[in-house]
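For reference, the structure discussed in these notes is given below.
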Amino acid sequence: MNNDLIILGHGSGGRLSHQLLDELIIPIVSGIPASGQNDAALLESVPGRLAYTTDSFVVDPIFFPGGTIGSLAVHGTVNDLAMMGARPLWLSVGLIIEEGFSKADLKTILEDMRSAADAAGVKIVTGDTKVVPRGKADKIFITTSGVGAVEHTLPIHGANAQPGDVVIINGTIGDHGIAVMAGREGLEVSTEIKSDSASLNGLTAALLAEVGAALHVLRDPTRGGVATTIKEIAQQSAVSITLREAALPVKPAVRGVCSILGLDPLFVANEGKLLAFVSADAAEAALAVIRKHPLGASAAVIGSVDVGPAGRVQMETVIGGMRSVDMLSGEQLPRIC
């Protein structure tokens, strides 16, 4: 038996399962002692409302420029909580591992999860591990759930965009999708291209503290990119939104790859970007706060909310015309997160 690989016995619930948990998984991701390992985590009560989210990650490849499936799983769930104006607190982790998977690779993924959780100030408090036969999965899939505290009464959600709002993004778009595709296809691309995967809860907390009730919507434009997310918000809020093509921040290397492959950066996935809808009189303050944060140096105002047909999104092009913007149709880049 190769002790360097995951075998079906590691998912049996018996001795091998306990060895995998006790010697590798638990010490790395949580450090919970044996006396505290139960069927569920006991969480302390917190003031205010609770936000709860769950997500699954099947990215291919599992290691890509700028991140791994482990860091991505933590960042994605933390960000879903942060977009509701919540302070992320606790995560659960479910691992679906294919027989024959490398323990060394698993260790790297777990270490990245723990590092990402520590950096975001969240704790991994419970989880589960299953092993499936070779060929019944693709290396490893991860499901994470998260709980956070909403310590305010502000209505921050997708149905709260208001005419006159300014749309701000905290940085360049399309980085994650192009980085993952480059890793998958073995493309020799610029070192400038790497995933933007990061936890945004520190940035959202700073925005809340600075602009408060002037902040109406937060959303992270992941699968489907900025265009799909903007369209979702326009429909939820029954407003019209105008984007400005010249204002969209895109790295030259990302734009170049998209041009070669016939992709539109507006529809490419991001994992460390947020869209903030704020009232016009608070836009400068919000932009200043974002630009002071390490994840916001390239922040820009990219559009506005208008009075117009509900759900309409249009783009003011660089040549001065207007074009309609819709959701991503089909799957431009599969298994991107």
- Query: Looking at the square roots a ≥ b ≥ c of the eigenvalues of the Cα gyration tensor of region 107-192, which shape do they give, rounded for a/c under 1.5, prolate if a/b is larger than b/c, or oblate?
  - Reply: oblate
- Task: Please grab the % of Cα pairs in region 8-150 that end up more than 19 Å from each other.
- Result: 50 percent
- Item | P(r) histogram, all alpha-carbon pairs of the chain included - 20 Å bins from 0, percent | 31, 54, 15, 0
- Non-local residues with an amide H under 5 Å from the amide H of Trp90, with H modelled 1.01 Å from N and Pro and chain starts lacking one, are Lys123, Val147
- Kindly write out, for region 287-304 in residue order, the coupling ³J(HN,Hα) from the Karplus curve 6.51 cos²θ - 1.76 cosθ + 1.60 (θ = phi - 60°), rounded to whole Hz, with x marking Gly and Pro. 4, 5, 4, 5, 5, 6, 7, x, 8, x, 4, 9, 4, 8, 7, 10, x, 8
- Estimated translational D of region 120-163 in µm²/s (Stokes, Kirkwood radius over Cα pairs; 37 °C; 0.692 mPa s): 215 µm²/s
- Task: Choose one answer from Ala280, Ala73, Ala179: the residue with the largest mean-square fluctuation in a GNM of the chain with alpha-carbon springs under 10 Å.
- Result: Ala280
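Looking at region 166-324, I'd like the Rg to Rh ratio, where Rg is from alpha-carbon atoms and Rh is Kirkwood's inverse mean 1/r.
Here the Rg-to-Rh quotient is 0.97.
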- Item | Choice from Val257, Val305, Val217 showing the highest fluctuation, given a GNM over the chain with Cα pairs closer than 10 Å | Val257
- Note on the structure: Counting only residues 5 or more apart in sequence or on a different chain, those whose built amide H sits under 5 Å from that of Val58 are Cys337
- Item | Reach of Lys123 by Cα under 14 Å, taken over aspartates and glutamates that are not fewer than 8 positions away in the same chain | Glu44, Glu111, Asp112
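Can you divide the C-alpha Rg of region 161-240 by 2.2 N^0.38 Å and report the result to two decimal places?
Working: Rg = 15.5 Å, N = 80, 2.2 N^0.38 = 11.6 Å.
Its radius of gyration relative to the 2.2 N^0.38 Å reference: 1.33.
Before anything else, pin down the relative contact order of region 8-150: Cα pairs under 8 Å, at least 6 apart, normalised by residue count, whole percent. Present the calculation step by step, with values, prior to reporting the outcome.
On the way: 239 pairs, mean separation 55.1, N = 143.
Averaging sequence separation for qualifying contacts and normalising by length gives 39 percent for region 8-150.
For region 166-324, what is the number of Lys pairs with C-alpha distance below 19 angstrom, counting only pairs 8 or more positions apart or on separate chains? All intermediate terms of the calculation are to be shown ahead of the outcome.
Details: Lys194/Lys251; Lys194/Lys273; Lys231/Lys273; Lys251/Lys273; Lys273/Lys292.
Within region 166-324, the lysine pair count is 5.
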- By the C-alpha gyration tensor axes a ≥ b ≥ c (rounded if a/c is under 1.5, else prolate when a/b exceeds b/c, else oblate), the shape of region 1-71 is oblate
- Message: Going by amide H atoms built from the backbone, whose H comes under 5 Å of the H on Leu263, apart from near neighbours?
- Response: none
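Would you calculate a helix-derived [θ] at 222 nm for the chain, using -39,500 (n - 2.57) for each DSSP H run of n ≥ 4 and dividing by the full residue count, to the nearest 500? Don't skip to the end; give the middle numbers.
Numbers: 9 runs with 97 residues, N = 337.
Only helices count here, giving -8500 deg cm²/dmol.
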- Contact order normalised by residue count of the chain, Cα under 8 Å, 6+ apart, percent: 23 percent
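Quick note: the coordinates plus some simple rules give every number you see, no bench work behind them. Since the model is a prediction, treat every value here as computed from it, not as a measurement.
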